[in-house]
Amino acid sequence: MKQSLTIILLLFFNNIYSQNFQGFVYNERLLGLEDVNISIDNEIISKTDKKGHFVLKKTKQSERIYFSKPGYLTKEISVKDLQEKNYKIILEEVYEIETVTFNEKDYKKIKYNFALKKQANIRFIPSPNWEMGLKFKNDLEKKGIVSTVTLFLHKTESDLKNTDIEINFYTIDSLTGKPYILLNKSKIIYTPTSRSRKHAVINVEKLKIPFPLNGIFVSIKWLPNESNDKKVGPSIRLTTSSEEELTYNRRGDRKWSLQSGQNPRTKNFVNVMMGLEVYIKKAKNE
């Protein structure tokens, strides 16, 4: 009886772990990728061979697996979801802006104004070299090209001077959710024309900034002014966004951190208020 119970328990615990399995990692052209690192808890447990195949051993279904390779966006997935995908993973290449081709006839414009769903009449007054931005999800899961970004500026206080704003676009790190690789290779500068509350729309179509499958992070950075003031304008409006923290910020070249804060009245998170318009490639029947 004891031996039977032992066998049953062994079978039970064996089922908690997946059996050894083989998988395949490939790129967007369906070609196998060599030397893809496969890791759990920052420990590399396997690599792909020359044809993109890999083998994993005794892995819990609930564990998160990370697939990473230089030049590609890191992919995170659970063992269970990996099984549902028949152990096949596609890695998306990091964009080189010069290689992005764009024919306006093949694209349609989509507005991503996620931050506008719940407005709050509050604002953020920055100090020079402060960079703050918002994570935009790619809900359609289709690649695109950024057309415009909208900044919802608040009125600048009379005792503050306006300064130039630098706008940047980043990929999103699949491992941390933080801004990762800078997408624009030239500086994008917006110069405020007044101290009043306004919507500033900046057109960046000519830069052909890609809109990746896992979304994009858009930031604004307040540059030092001629007077080297400790506080500058324009201030930017903030908004609530249900239970999601989408705003990251940093000072200078320090590490990015979530610091969007909570609205004390609603208990929802406060995020920077921005809008984004992108070109998404049309389907064949559109």
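The values are calculated or read from the model by the stated rules, or taken from the named source; none is laboratory data. Just so it is clear, the model here is predicted, and its values are computed rather than measured. Don't worry about glycine lacking a Cβ; one is built from the backbone with ideal geometry, like all the others, and counts go over all protein chains shown. Heavy atoms of the whole protein, side chains included, go into the accessibility calculation; ligands, DNA and RNA do not. Shrake-Rupley method; radii C 1.70, N 1.55, O 1.52, S 1.80 Å.
Before moving on, here are some points about what is shown:
- Cα gyration tensor, the range 148-254 - rounded (a/c under 1.5), prolate or oblate: prolate
- Solvent accessible area, Å² - LYS281, 1.4 Å probe, full protein context: 110
- With each label modelled as a point 7 angstrom along the Cα→C-beta vector, the ASN20-LYS142 pair spans 4.4 nm.
- In this rough spin-label picture, where each label sits 7 Å from Cα along the Cβ direction, the GLU244-SER62 distance is 2.6 nm.
- Extension gain from ASP41 to THR191, taking 0.36 nm per residue of separation minus the Cα-Cα distance: 49.6 nm
- Between LYS85 and HIS199, residue separation times 0.36 nm minus the direct Cα-Cα distance comes to 36.7 nm.
- Vicinal HN-Hα couplings computed from phi for the range 182-196 (Karplus, 6.51 cos²θ - 1.76 cosθ + 1.60; Hz; Gly/Pro x): 5, 8, 8, 9, 10, 6, 10, 10, 10, 10, x, 9, 7, 9, 7
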